[in-house]
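The values are calculated or read from the model by the stated rules, or taken from the named source; none is laboratory data. Remember, predicted model here, so these are calculated numbers, not experimental data. All Cβ positions, glycine included, derive from the backbone under ideal geometry; neighbour counts span all protein chains shown.
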Amino acid sequence: MAEFDRPTIAAARAGTAAAIDQGLRSYMLKVYNYMTVGLVLTGLVAYGSFAMAFDPTGNLTAFGQAIYVSPLKWVIMLAPLAFVLVLSFGIAKLSTGTAQLLFWAFAAVMGLSLSSIFAVYTGGSIAKVFFITAGTFGAMSLYGYTTKRDLTQIGSFLIMGLIGIVIASVVNIFLQSDGLGFAISLIGVVVFVGLTAWDTQKIKESYNEAHGAELLAKGAIMGALSLYLDFINLFMMLLRLFGTQRN
């Protein structure tokens, strides 16, 4: 009798594994969809804000004065951090709809804060660096998803590197050293390339089919936020290294 039960048990286990695999793919697809739409929204807001900031003669409009010159620029620069903190520490208390709205708002405000890159770098170099970033990000995220290697220790080292980059960047605001800025960008590329793989693995491993729909939806939003930040920071580091500045 036990012999006849074995195929049934094996089939049940195979079916469960297939269901989990399908659920994981759907979950990761949702994460990437959130991230992609967030990036598109950021790009549209960034370019639209830049277009509104300058008149046809190249002078700043009232809008441009507000976001680039007035004290409001500091609010715009710090606002994305506020959104990240609210989502990171308040996600458990937020509804899924509210978390989604905050993510879209974050992406839009990030676009506003990044609009100045169009005034500093040529459009062609921005596009070139974007595609380099997309290719690099895609390759490392795929590695993080498929590798059997535990990236936990590497992730801890990368977090230390990230903290070092933040401290060095703050110091360089006062020093204005081109050499330090180059070193920060170079190290930053390595750090965010690694973080892309690590975050992808963490998101994958955080999936649990036993979690409810709301918890999984919130997890997808937070996963998208992590990968979005990896992409944006990698893009900015590469832009500082390879971007062509306007004359």
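Restricted to segment 201-247, and to residues there that are of a type in the set (S, T, N, Q) and over 11 Å from the mean Cα position of the chain (by Cα), the residue that is nearest to LEU85 (Cα to Cα) is SER206.
Any residue at all in segment 177-192 that's charged (D, E, K, R), in a helix (DSSP H, G or I), surrounded by fewer than 18 Cβ atoms within 10 Å (Cβ to Cβ) and over 15 Å from the mean Cα position of the chain (by Cα)? Within segment 177-192, one or more residues are charged (D, E, K, R), in a helix (DSSP H, G or I), surrounded by fewer than 18 Cβ atoms within 10 Å (Cβ to Cβ) and over 15 Å from the mean Cα position of the chain (by Cα). For segment 76-111, what are the residues that are of a type in the set (Phe, Trp, Tyr) and in a loop (DSSP other than H, G, I, E, B)? Of everything in segment 76-111, nothing turns out to be of a type in the set (Phe, Trp, Tyr) and in a loop (DSSP other than H, G, I, E, B).
Residue by residue, here is whether (1) in contact (Cβ under 8 Å) with a residue 12 or more places away in the chain; (2) loosely packed, with under 14 Cβ neighbours inside 10 Å holds:
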residue: ILE165; (1), (2): yes, no
residue: PHE174; (1), (2): no, yes
residue: ALA197; (1), (2): yes, no
residue: LYS202; (1), (2): yes, no
residue: GLU209; (1), (2): yes, yes
residue: LEU239; (1), (2): yes, no
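Check segment 58-75 and report whether any residue there is surrounded by fewer than 15 Cβ atoms within 10 Å (Cβ to Cβ), touching a Gly at 6+ places or on another chain (Cβ under 9 Å) and not in a helix (DSSP H, G or I). Scanning segment 58-75 turns up no residue that is surrounded by fewer than 15 Cβ atoms within 10 Å (Cβ to Cβ), touching a Gly at 6+ places or on another chain (Cβ under 9 Å) and not in a helix (DSSP H, G or I). For segment 88-107, the criterion of being in contact with a helix residue (DSSP H, G or I) (Cβ under 7 Å, 6 or more places away or on another chain), at pLDDT 95 or above and farther than 24 Å from LYS202 by Cβ is satisfied by at least one residue. Kindly list the number of the only condition in (1) at pLDDT below 95; (2) within 22 Å of ARG246 (Cα to Cα); (3) surrounded by fewer than 17 Cβ atoms within 10 Å (Cβ to Cβ); (4) not hydrophobic (A, V, I, L, M, F, W, C) that fails for GLN22. Every listed condition holds for GLN22 apart from (2). Being more than 16 Å from the chain's Cα centre (by Cα), aromatic (Phe, Trp, Tyr) and within 23 Å of LEU239 (Cβ to Cβ) holds for only one residue in PHE118, PHE89, and it is PHE118.
Taken as a whole, the condition of being more than 22 Å from GLU209 (Cα to Cα) and at pLDDT 95 or above applies to GLY48. Residues that are in contact (Cβ under 8 Å) with a residue 60 or more places away in the chain and under 28 Å from GLY43 (Cα atoms) are absent from segment 177-194. Comparison of TYR143, TYR121 shows that the only residue that is surrounded by 14 or more Cβ atoms within 10 Å (Cβ to Cβ), within 15 Å of LEU195 (Cα to Cα) and of a type outside the set (Asp, Glu) is TYR143.
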